[in-house]
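To keep things clear, I will list the structure first and then write my remarks on it.
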Amino acid sequence: MFVTEEFRGRPLVDPEKCVGCGSCILVCPAGARRLIQEEDRYILRYFIGQCIFCWRCVEICPEKAISGTTEFFFATDNWEDLFIDIKHKTVKCSYCGKTFVPQKLIINTKNKLPSEFDFDRLDICPDCKKNIGALKISISRGIAYEDRK
Amino acid sequence: MDMLGSGQITFKLINNISEKIGKNSNIIINGKNIFIYVNKKMLRDIISILINYNAIPITMVAYDKSFDLGKFQLYYIFFLNKEKYFIILIVEINYNDLKVSSVADLIKGFDWHEREIHDLMGIEFEGRVTPRLILPNEYPHGIYPLRKEFSENFKILLQKNIDNYKETGAEKIMIVPIGPYHPELLEPIRFELCLKNDVVVDVYHEGFMAHRGIEKISERLNYDKVSFLAERICGICGFCHSVCYCQAVEDACMIEVPERARFIRSILLEVERLESHFLWLADFFHLCGYDKGFLEIFKIREKIMILAELLSGSRKTYGLNLPGGVRKDLNPDKVKKFLEIINEVEEEYKKIIVESLARPEIDLLKGSGILPYSEANSYPVVGPVARASGINRDVRKDDPYAAYQNVSFKVPIYTEGDNMARMMVRIEEIYESINMLKYFLDNVPQGPIMAENWEWVPNKISIKRVEAPRGENVHFISTGITKLDRWKVRAPTYANIQALPVMLKGENIKNALLTIMSIDPCIACTERVTILNFTGNGFKVSTIPFDALTRRG
């Protein structure tokens, strides 16, 4: 069996390049890519059974970590062969201690930002950022701030 | 009113209607769409005016606006073929009084639409019976799955009561069920042919066994994902559906699609037409008993499949459309290879057709399954079925989309209305498609393939049509704040099956399968025969379900 070079087969993710930003999950029309949140890690799970080989993820990946192949034959005896997982270590929020983003994403973002940026704020989760913002506003207006935790 | 420009007949028609409605007439003209708000009581009068002006009934949509307006809206969509205006009658129905008078006796094409709306939205049509069309008989009454209040997580347990059915003795009328399960063909649909001495006297249809509620799914998806969903409505003409959906979004959001993208869309639409017609032709030859033709046609169809893969990256379900353009570009190498292969295909195809039309097996088709012009006009038939009965209707000519205004082509018309005519229409369409493909590939303009910098426009209504291999697709969309609020699809077979009883009545049983296949719904024979009681007052329409038969071993 052969196919032409233009054939859209299974998309493959390079685990070294992947930073776990999740844009492929947002864009997948068939729901073949999913995010599973565990206590200290995030899993990006790809299930071939649901994939329609549209290559939207290949187009959209900001790190060019996903590349297309011409593979199309996936018959197997073992159900688990159809899943491909990419595991990411997560970072804990320096205020509340909740896990919120993959470690690699933070490192990647640091490399892209200009050096004068306030890097301490990168490991604060969005909820805490809101609280800190509210606190600053209330202090500047002279209103007593109740701790929302 | 002066916005209409050259639309003299439309102008007259609208004057006529606004006189009928009186002082409170509410008519909105928006480009080529004319929206007319109609009172329930006047509906039948206004529809008979539209029939006098030869407006073509396109489709009917029910729209649940109970969350924002507290009302249901019914859209009756007509098309004026000469001046190319859509006329959309809007009837508003209050939530407490869900009744409206039926128009199915005036327009036979709205019969199924009314039954579907009664099933899914719970609107009652006065003056007719609305037997269930889409929902199964076991489904509880009073639950309407397309209303906004209905949640997808709602689980319903169906209970079959098979004790009501009893097998009875045999008498003169024999009922031959065809479908829904058959080893050769794929689609779950069931016909019951009532036979009297080998002649079909009546036909019953039962379908929608795999109704998937795809219109409801679209309400939770992002708009660019819906174009992939639309492609999965049909396995054979999926690209037409996704083009139709994208064009509707482009119309609603006022997106200018680049010329190159329009050409690429047209090329793929024609490739898909070739794929579909070759598949149908091969199957039809096989049913006639001419298996050499079946093999030869499949051999050249494979070449077309490789062409599709070369252009789009996939043999079927190309997945190339997004609102605003296409995702994959052409290059000179591909065009060169494409032209080489398409020339080969044309030569081989000519040989096969000359050889097969001289075969004795094909003579069976002449004079069987006739749909005369008068009957075809009163039913909503579209596509090759309409063109074989002398109706000159082709959306590519009547209301050009994509790049069809740039190319000249013939629309084959036959007036016999029999199976042979339906085959000849498709055979000639293949030649036209090949010629069109050559023209498109030679003249693809340079430029971008995707429109950029556009924004989603909420609260817009748009209707678009695309000529699929089997007839015309109609997509109605209404945009919500970030997603679609209502999406209604009318596929060509929905319109064509309604005319099938006319073709089958009076026909010998040996031609029945060919006639069913000739409208291209992909349904074939089954060997199981059930014998039912003939009461004398009419035919008793009850069948024995599979469970009841197996219970006796």
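Here, each number is a calculation from the coordinates, and none is a lab measurement. Keep in mind that what you see is a predicted model, and the values were worked out from it rather than measured. As a convention, Cβ positions derive from the backbone with ideal geometry for all residues, glycine included, and neighbour counts pool all protein chains shown.
Would you mind estimating how fast the protein assembly as shown diffuses translationally, via Stokes-Einstein at 10 °C and 1.306 mPa s with the Kirkwood radius over Cα pairs, in µm²/s?
After rounding, the answer is 55 µm²/s.
What ranking of B:342, A:137 emerges when the number of other C-beta atoms within 10 Å of each C-beta is taken as an exposure proxy, fewest first?
A:137, B:342
Express the relative contact order of chain B as a whole percentage, based on alpha carbon pairs under 8 Å and six or more residues apart in sequence.
17 percent
What does the structure give for B:307-313 when I average, per residue, the other chain Cβ atoms found within 10 Å of the residue Cβ?
4
Based on the Cβ-Cβ distance of residue A:135 and residue A:89, what FRET efficiency does E = 1/(1 + (r/R0)^6) give at R0 = 25 Å, to the nearest 0.05?
FRET efficiency, residue A:135 to residue A:89: 0.25.
Please compute the average number of Cβ atoms from other chains found within 10 Å of each residue's Cβ in peptide A:4-13.
For peptide A:4-13, the averaged partner shielding equals 4.
Quantify how much of the Cα-Cα distance distribution of the range B:110-160 extends past 14 Å, in percent.
Of all Cα-Cα distances in the range B:110-160, 53 percent exceed 14 Å.
If you keep only loop residues by DSSP, which chymotrypsin sites (Phe, Trp or Tyr not before Pro) in the range A:31-81 have at most 10 other Cβ atoms within 10 Å of their Cβ?
Listed in order of number, the matching sites are A:73.
Treating only the Cβ of Lys, Arg, Asp and Glu as charged (+1, +1, -1, -1), what charge dipole size does chain B show about its Cα centre? Round to the nearest 20 debye.
In debye, rounded to 20, chain B gives about 720.
With unit charges on the beta carbon (Lys/Arg positive, Asp/Glu negative), name the residue among B:13, B:417, B:384 whose Cα is farthest towards the positive pole of the charge dipole of chain B.
After comparing all options, I get B:13.
Kirkwood Rh over Cα pairs of the range B:359-508 into Stokes-Einstein at 25 °C, 0.890 mPa s: D in µm²/s?
Using the Kirkwood radius from Cα pairs, D works out to 138 µm²/s.
State the percent of C-alpha pairs, over all pairs in the range B:239-377, separated by a distance greater than 20 angstrom.
58 percent
Which three extents, in angstrom, do the Cα atoms of the range B:428-521 have along their principal axes, listed largest first?
The principal-axis extents, from largest down, are 60, 40, 13 Å.
Calculated FRET efficiency, residue B:508 and residue B:354, Cβ-Cβ r, R0 30 Å, to nearest 0.05?
Rounded to the nearest 0.05, the efficiency is 0.55.
Any idea how far apart residue B:67 and residue B:256 come out in nm if each label point goes 7 Å out from Cα toward Cβ?
Label at residue B:67, label at residue B:256, 3.5 nm between them.
May I ask you to derive the relative contact order of the range B:225-343, considering only C-alpha pairs under 8 Å and at least 6 residues apart, and to give it as an integer percent?
Rounded, it is 30 percent for the range B:225-343.
Taking the dipole about the Cα centre of chain B, with the C-beta of Lys and Arg at +1 and of Asp and Glu at -1, give me whichever of B:85, B:403, B:497 is farthest to the positive side.
Of B:85, B:403, B:497, it is B:85.
Taking square-rooted eigenvalues a ≥ b ≥ c of the alpha carbon gyration tensor, is the range B:28-134 rounded, prolate or oblate, where a/c under 1.5 means rounded and, failing that, a/b exceeding b/c means prolate?
Verdict is oblate for the range B:28-134.
Using a simple charge model, +1 on the beta-carbon of Lys and Arg, -1 on the beta-carbon of Asp and Glu, nothing else, what dipole does chain A show about its Cα centre, in debye to the nearest 20?
720 debye
Just how far, in whole angstrom, is the range B:61-127 from the range B:364-424 if you go by their alpha carbon centroids?
With the range B:364-424 and the range B:61-127 each reduced to a Cα centre, they are spaced 28 Å.
Going down the table (B:438/B:464; B:20/B:84; B:20/B:82; A:130/B:483; A:110/B:328), which pairs top 32 Å between alpha carbons?
A:110/B:328
Multiply the residue separation of residue B:459 and residue B:96 by 0.36 nm, subtract the distance between their alpha-carbon atoms, and state the gained length in nm to one decimal.
128.2 nm
Average partner chain C-beta neighbours within 10 Å, per residue of A:29-38?
For peptide A:29-38, the averaged partner shielding equals 2.
Could you quote the convex hull projected area for the range A:1-78, Cα atoms only and averaged over all directions, in nm²?
Its Cα hull, projected and averaged over all orientations, spans 6.3 nm².
Just name one of B:331, B:317, B:373: the one whose Cα is farthest towards the positive end of the charge dipole of the range B:259-455 (beta-carbon charges, Lys/Arg +1, Asp/Glu -1).
Towards the positive end, the residue furthest out is B:331.
Give me the log10 of I(q) over I(0) for chain B at q = 0.05, 0.06 Å⁻¹, as the Debye formula computes it from C-alpha points; what are the numbers?
With no solvent term, the Cα-only Debye profile gives -0.22, -0.31.
Could you tell me how far the Cα centroid of the range A:75-149 sits from the Cα centroid of the range A:1-41, in Å?
Here the two parts' Cα centres lie 22 Å apart.
For a protection proxy built on the mean count of beta-carbon atoms within 10 angstrom, sort B:18-29, B:462-473 highest first, please.
Top to bottom by mean Cβ count within 10 Å: B:462-473, B:18-29.
Pairs of alpha-carbon atoms within less than 8 angstrom and 6+ residues apart define the contacts here; what relative contact order does the range B:2-109 have, in percent?
Once normalised by length, the contact order is 26 percent.
Per residue and in cubic angstrom, what volume does the convex hull of the Cα atoms of the range B:80-153 have?
Once divided by residue count, the hull of the range B:80-153 is 132 Å³.
Considering the zone a paramagnetic label at residue B:157 would reach in this model (a point 7 Å from Cα along the Cα-to-Cβ line), which residues of the range B:115-145 have amide N under 20 Å from it?
Under 20 Å, as judged by backbone N against the label point of residue B:157, lie B:136-144 of the range B:115-145.
Give me the dipole magnitude in Debye, nearest 20, for the protein assembly as shown about the Cα centre, with unit charges on the beta carbon: positive for Lys and Arg, negative for Asp and Glu.
Computed charge dipole of the protein assembly as shown: roughly 1540 debye.
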